[in-house]
1. In square angstrom, what is the accessible area per residue of the range 139-191 with a 1.4 angstrom probe?
2. Just need the relative contact order of the range 137-229 here, percent rounded to a whole number, with Cα pairs under 8 Å and 6+ apart.
3. How big is the convex hull of the Cα atoms of the range 207-268, per residue, in Å³?
4. Towards the positive end of the charge dipole of the chain, with charges on Cβ (+1 Lys, Arg; -1 Asp, Glu), say which of Leu293, Ile215, Ser194 has the farthest Cα.
5. Give me the one-decimal Kirkwood hydrodynamic radius in Å for the range 184-297, with the sum taken over alpha-carbon pairs.
6. Which percent of the accessible area of the range 191-245 is formed by carbon and sulfur heavy atoms (probe 1.4 angstrom)?
7. Compute the orientation-averaged projected area for the range 91-151 from the convex hull of its Cα atoms and round it to one decimal in nm².
8. How many Å² of accessible area per residue for the range 16-104, probe 1.4 Å?
Amino acid sequence: MDKFRGLLIPQSWRNEAMKWMAGRQNPPCYQFIWVPDKNTDDIILRLKLIKELLKSSTLGSILYVLPKACATPFFISKWPKTIIKGKSGYIVSSVYFADQWRQVEDYINQVENEFSKEIHATCQYQFCYTETLNEWVDFGAKNYHPGDFRKGEFLSALKSIKGHWIYWGHAHSKNLGAYGFISIEDLMDHRPKSPFQSTIWLSCATLVPFRKKSIALDWFISGSTHCLFASTKSVQTTRNMSLSKLWLELISHYEGLCIADLIKNTVEKGDKELISLVKDYRLLGYPWSRLQLFPRK
């Protein structure tokens with residue numbers, strides 16, 4: 001999917017962005033989509049314009065950069081959806097927030113230079129979730145079973161682990177349900193020393209619009225993770241488990257998949273329930289970090 005990556009940024013950043021692209025060695029390359037600056041001071045108008053630009057795109061996946069003012073629960077419902085119907089098929093779209101090109105450049109350079117592919121598996125202490133966790137552990141994910149780790153032990157580990165963090169279980173806008181509830185404050189007090197490549201929370205409503213607090217958005221804008229996949233609504237556990245099984249199958253059979261690949265494969269399979277589920281999620285940050293599992297012998 002590398003050649004189909006896109007960056008959607010303001011037209012006024014064009015010279016800096018093109019200079020950066022020309023000076024890159026061993027890139028992945030990005031195709032730019034320019035958002036006209038004229039008449040886009042109104043953020044709502046800018047978001048509508050972005051949606052129209054994406055409809056005519058032939059890219060497979062895109063990172064669109066919005067002003068930092070959009071990084072609030074009020075604007076979640078206004079962000080373009082994670083999957084959008086483009087000119088030649090589905091586009092997987094992710095959001096990043098920046099007010100200057102330099103912020104985007106520094107962010108991408110940092111993400112591309114970090115290569116930890118370890119997947120750290122966590123869940124709520126309930127059979128359907130622990131069963132799923134064990135399936136991932138059998139394929140090489142790092143095991144943080146809630147029967148073996150107390151809350152303090154897991155939070156201490158959270159500060160030093162790298163790679164990808166996946167969670168299955170109940171949640172809402174202020175808490176994750178695992179380890180006797182993990183709050184926003186718990187996470188902020190135990191942020192990792194270096195950002196996760198991605199955080200995947202297959203759970204309910206951690207990115208709900210119009211709430212005063214959003215645990216998922218706070219986790220992302222704190223710089224604790226380069227990418228986040230989180231739900232804006234309550235979702236059925238069985239649907240989340242179906243998505244998890246599909247992603248485990250894909251990761252274990254195909255080398256070097258990233259979250260954008262996993263989402264694109266999901267929607268292209270045509271399962272209406274899973275497509276509907278993915279539409280309830282939002283993707284934040286760099287969606288091209290690769291995940292890899294190494295099955296236990």
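1. Each residue of the range 139-191 exposes 45 Å² on average to a 1.4 Å probe.
2. Worked out over the range 137-229, it gives 29 percent.
3. In the range 207-268, the Cα hull volume divided by residue count equals 106 Å³.
4. Highest projection toward the positive end goes to Ile215.
5. 14.9 Å
6. Roughly 51 percent, rounded to a whole number.
7. Mean projected area of the Cα convex hull: 7.1 nm².
8. Here the per-residue accessible area is 50 Å².
The values are calculated or read from the model by the stated rules, or taken from the named source; none is laboratory data. The model shown is predicted, which means the values in this text are computed figures rather than measured ones. A quick note on method: Cβ atoms are made from the backbone with ideal geometry, for glycine too, and the neighbour counts reach across all protein chains shown. Calculation scope for accessible area: heavy atoms of the full protein, side chains included, ligands and nucleic acids excluded. Shrake-Rupley method; radii C 1.70, N 1.55, O 1.52, S 1.80 Å.
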